[in-house]
Amino acid sequence: MFKRLSLLVLSLFVLGACAETQLLIHTAKKIGKSTKEPVQQGRYKIGNPYQIKGVWYYPAVNYKYNVTGIASWYGPGFHGKTTANGETYDQNALTAAHKTLPMPSIVRVTNLENGRSIKVTVNDRGPYAFGRVIDMSRRGAQLLGFHRRGTARVRVFVLEDESRMLAQQIKNGAVLAKVGTPIRRDINVAKPGVASETLAPPPGAKGSNTLPAYTPRKTVVASHERITDTPTAPTGVVTTTSVTPTNMYVQAGAFTRFDYANRTAARLAELGNVKVTSYKVRGKEFFRVRAGPIGALENADKVLERVIRAGFENARIVVD
């Protein structure tokens, strides 16, 4: 009798343990499902004027945006966080942060120091250092060849047609593909192939035509098949242009009246080597006030800070 009772107790214990184990497994599954990060899709956003470090920024649609300046990059500390237009930041995607351009916008960024050029999607705000014109993702900085240095002289210009189409898609409720690729999910598009390619040196360049060792092994990714009603996605295609020597300046402003420009130059005369130069944009003459040329970026940063503190909030570092 005692033996049968012991077997019965043991059986109940085993069954209870199994049930408890199943309960724990089921609970763990539910917890796993509930804590899974939802996929965050980006939205079209321009935003209101805002102030950082005493400087006002005015977001606006500007399809003629074409400027030179200093690029930086951001990565590990922001990876996985939410961008200004609601996407999840991926440091390995081809994205960038800009102070005023609509989000998203498609821009081409060219490294003026080595001629490399790529397309990226602007989906975040920044950089907020005075002397930086755009903040690239880590992947973008790698492809442009300034990941190790941290900064580079660049040109940034908006790709108008692609940016317009992307904005229209989002306004119409189209869903962005993962990593900000502006290809609609409802279009049957073959996945891009991946190919390795050796880039030829720019005309007149000397030395090897291979990419530096720190560049990822596969630097050229075949682009999506062209679709007439969708913008071309930033795919990691690196193009190379010829490189010409550039100078760095701090530009206090550009004026339509010479007397205003001359007055500004007089106020900044203590900086040394401040000049007023004339240039035309679509037939209209402007007078720009610049200090320079300046050799080292750290010196340009110091001059820029002094110019901003003197009351010229729109001052920036430019590269010509």
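Quick note: the coordinates plus some simple rules give every number you see, no bench work behind them. Remember, it's a predicted structure, so these values are computed and weren't measured experimentally. With ideal geometry, Cβ positions are generated from the backbone for all residues, glycine too; neighbour counts draw on all protein chains shown.
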Practice prompt. Quickly rank 97-103, 153-159 as a protection proxy: mean count of other C-beta atoms within 10 Å, highest first.
Written response: 97-103, 153-159
Practice prompt. Add +1 for every Lys or Arg and -1 for every Asp or Glu among the other residues with Cβ under 9 Å from the Cβ of G126, and state the total.
Written response: +1
Worksheet item: Hey, rough spin-label estimate for T277 and N314, points 7 angstrom out along Cα→Cβ, what's it come to in nanometres?
Response: 1.9
Worksheet item: What's the local net charge at Y50, with K and R +1, D and E -1, over the other residues with C-beta under 12 Å away?
Response: +3
Discussion item. Could you list L94, L112 so that the one with the fewest beta carbons within 10 Å of its beta carbon is first and the one with the most is last?
Written reply: L112, L94
Worksheet item: Pulled fully out, how much extra length does the chain show between T244 and I46, if you take 0.36 nm times their separation in residues and subtract their Cα-Cα distance?
Response: 67.8 nm
Worksheet entry | Residue order, fewest to most surrounding Cβ atoms within 10 angstrom, among S72, S278 | S278, S72
Fill in: Sequence-distant residues sharing a close amide H with W73 (under 5 Å, placed H)
M136
Worksheet, complete the sentence: Surrounding charge for S117, neighbours by C-beta under 14 angstrom, Lys/Arg +1, Asp/Glu -1, total +4
Worksheet item: Of the cross-linked pairs K53/K284; K99/K119; K53/K171, which ones have a Cα-Cα span greater than 24 Å in the structure shown?
Response: K53/K284; K53/K171
